[in-house]
Amino acid sequence: MMNTAVNEQLQLYGELNGALPVLVAIVIAIIVVAAQAWRHTVRPQTAAQVAMILYVGVLVGITLFPVNLYSPSNVMSKLPFGLQGPYINVNLADIRNYTPVQVYGNVLLFMPLGFLAGLISKKYAQFAPNLALIVGTTLMIEAAQFIMCYFYLGNRTTDVVDLVTNTLGGIAGFLVLKLVQWLIPHAVARVQE
């Protein structure tokens, strides 16, 4: 009876912990806005910073959570690490097996990174630093997914298709930024001050 209750609590935790990064991001965003409002220094860049904080919370929530936790009585807690595989896919041709929602979802998921990073910082408004940020971020996520899968904390596969589609999404976001910068340069410059 006790094991059932513990397993139910852990299952509920597993379902709820995907929202944790989003909630943390919201709290941080509120603190940033409140601090600047208290100092009477709310700037246009604050909105972009808050959007980036919220975006990072959503990105972490979607790509890394939920984290699986198992009770000591669960068979998963008794297995040696690394048996869950395969947890790496390096075959780019597997993109044919992906649904359009998966491919376009990855592209859309990383568009805000390319856009917001360049909007907040003049450094990331340049292609090379923006691309490095995008590729570095997706590599960190894929590495974290690999480690989590190896230790049974997650059930995601490290995938070269994700790396490519995430990078394309970030580049698309950067191109949207450049379009906005071309159409209304004064607005972008004001945010980057």
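Scan region 138-174 for residues that are hydrophobic (A, V, I, L, M, F, W, C), in contact (Cβ under 8 Å) with a residue 60 or more places away in the chain and closer than 19 Å to Gly114 by Cβ and the total you get is 6. When region 176-193 is filtered for residues that are surrounded by fewer than 16 Cβ atoms within 10 Å (Cβ to Cβ) and in a loop (DSSP other than H, G, I, E, B), the ones remaining, listed by number, are Ile184, Glu193. Residues in region 64-121 that are of a type in the set (Val, Ile, Thr), modelled with pLDDT of 80 or more and within 14 Å of Val161 (Cα to Cα) were compared, and the one that is surrounded by the most Cβ atoms within 10 Å (Cβ to Cβ) is Val107.
Pairing residues of region 43-59 that are within 13 Å of Ile26 (Cβ to Cβ) with residues that are of a type in the set (A, V, I, L, M) and not in a helix (DSSP H, G or I), at Cβ distances under 9 Å and at least 6 apart in sequence or on separate chains, gives no pairs at all. For region 128-175, filtering for residues that are buried (at least 22 other Cβ atoms within 10 Å of the Cβ), in contact with a Ser or Thr (Cβ under 6 Å, 6 or more places away or on another chain) and closer than 17 Å to Val101 by Cα leaves 1.
The values are calculated or read from the model by the stated rules, or taken from the named source; none is laboratory data. Everything numeric in this text was worked out from a predicted model, so none of it was measured. A quick note on method: Cβ atoms are made from the backbone with ideal geometry, for glycine too, and the neighbour counts reach across all protein chains shown.
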